[in-house]
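Report on one structure; see the data block that follows.
The values are calculated or read from the model by the stated rules, or taken from the named source; none is laboratory data. On a predicted model such as this, the values are computed, not experimentally measured, just so you know. Don't worry about glycine lacking a Cβ; one is built from the backbone with ideal geometry, like all the others, and counts go over all protein chains shown.
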Amino acid sequence: MLDAAKPCGHYKAAGCTYEIIPSNIDHPGSGPGEVQFKPYIVQFDIGTHWRLRDKVTNAHRNWGQGFPCIGCESPSETCLELIIEAGSDATGYCAGKCGSACHVGAGYAKDCLKHDTCIAYKALVLNEDWGEYDDGFCYDTDCGDEAAQAIMNCFLSRSWMLDEGILCDRELFATDERAYGHWSESRFVPGFNQGPCINFEDWINGQGIPNADQIDNTLFLDRLW
């Protein structure tokens with residue numbers, strides 16, 4: 001896997017026609033057709049966006065999780081890509097299945113596939129068992145943004161119908177007041193500490209996550225992280 005990880009754009013330039021799951025774009029949540037069991041070019045980044053470096057590093061160091069950072073020698077994030085088959089054991093277990101390992105009842109999603117790929121790659125760099133590596137989820141200085149994307153979903157509110165899951169798109173949010181972001185309810189389950197995912201909010205931070213005032217369930221207590 002380490003040798004197969006290439007700078008983003010490598011596989012398309014080499015003629016690979018697999019669908020690309022791009023980094024720092026937040027996709028709709030898990031559901032029918034969200035991830036098919038086929039190979040994808042999965043993009044992720046290591047390191048921390050320059051706007052978030054101090055905030056993320058300090059928060060994660062204080063809680064003692066998510067270190068070391070394998071990509072922080074660069075001034076900002078470094079985008080890498082791998083070809084991963086969804087549902088395979090390429091990342092140690094059920095690649096792309098949300099939740100820990102092959103958690104029963106959890107769906108598959110593109111953002112979960114990005115997160116699985118990132119932590120598997122980081123575990124290999126650190127020479128750790130990728131099936132046992134504890135990344136700390138949103139605490140992680142390399143893969144915390146992928147973790148946050150995995151539990152942030154965007155929607156268009158619709159009258160008399162279920163709200164429509166959409167890509168978190170900055171331009172759409174600027175022009176359509178029906179668009180809103182929503183953190184997965186799993187984030188608020190007692191005892192299931194996912195860390196300071198809120199650190200990755202706001203479009204200007206480059207993680208594809210809406211501004212705090214565009215998210216309908218950002219709680220005041222989360223600001224204490």
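For Val125, the conditions (1) at pLDDT 90 or above; (2) crowded, with 17+ Cβ neighbours inside 10 Å; (3) over 14 Å from the mean Cα position of the chain (by Cα) all hold with the exception of (2).
Within the stretch 25-51, the set of residues being among the polar types (S, T, N, Q) and at pLDDT below 95 comprises Ser30, Gln36, Thr48. In the stretch 87-116, the qualifying residues are those that are out of contact with any helix residue (DSSP H, G or I) (no Cβ under 8 Å at 6 or more places or on another chain) and outside any loop (DSSP other than H, G, I, E, B), and the one that is surrounded by the most Cβ atoms within 10 Å (Cβ to Cβ) is Leu113. The set of residues in the stretch 141-166 that are of a type in the set (A, V, I, L, M) and either touching a Pro at 6+ places or on another chain (Cβ under 7 Å) or free of Cβ contacts under 8 Å to residues at least 12 places away in the same chain (or both) comprises Met161, Leu162, Ile166.
For the stretch 52-66, taking the residues that are in a loop (DSSP other than H, G, I, E, B) and crowded, with 16+ Cβ neighbours inside 10 Å, the one that is modelled with the lowest pLDDT is identified as Gln65.
For the stretch 1-15, the set of residues classified as in a loop (DSSP other than H, G, I, E, B) and over 21 Å from the mean Cα position of the chain (by Cα) consists of Asp3, Ala14, Gly15, listed by residue number.
For the stretch 159-176, the set of residues classified as in a loop (DSSP other than H, G, I, E, B) and either modelled with pLDDT of 95 or more or within 22 Å of Asn24 (Cβ to Cβ) (or both) consists of Leu167, Cys168, Asp169, Asp176, listed by residue number.
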